[in-house]
Amino acid sequence: MKIIKDSETESGPPNLLNKEAFRKLNETLLKRLLDETETLQLHTALKTAANEAAALAWSSGFPLLVYPVLLAEKTQIVRLRHYRREKVLQRSQMLMGHSV
C-alpha cells in the first residue's frame, strides 16, 4: 500500500487542489499574523519567515499539516530576536546616557 503525500497524486505530480489549499492557508495565516503584529518593523521578517516555513512545509510532502507549526516556530524566533535586539538597544542607550 502506497501512502500518497499531500503534494502528490497517484501519478506523482503535485496536486493542483492541494496547491490552491496551501496557497489559501498561507495567505490566511500570514494575514492573521501581520494583523496581530503591531510592530511594523517585524512585518518584513515575518513575511520572510512565512516564505521559509512554506518552502520547508512544501518539501515535507505534507505541507497542509506541517506549515502552521513551522510558521509558529519561525514566528517565535523572529519575535524573540526582535525582543533581544530591543533589550540590547535599551541597555546601550541607558549606558550611553549614564556615561555622558
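None of the figures in this text is laboratory data; all of them are computed from the coordinates on show. All figures in this text were calculated on a predicted structure; none of them were measured in a lab. A quick note on method: Cβ atoms are made from the backbone with ideal geometry, for glycine too, and the neighbour counts reach across all protein chains shown.
Below are the figures for this structure:
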read-out	value
Relative exposure of His82, His43, judged by other C-beta atoms within 10 Å (fewest first)	His43, His82
Under 17 Å from the Glu36 label point (7 Å along Cα→beta-carbon), backbone N, region 43-64	43-51, 53-54
Intensity falloff of region 41-100 expressed as log10 I(q)/I(0), Debye formula with alpha-carbon point scatterers, at q = 0.23 Å⁻¹	-0.84
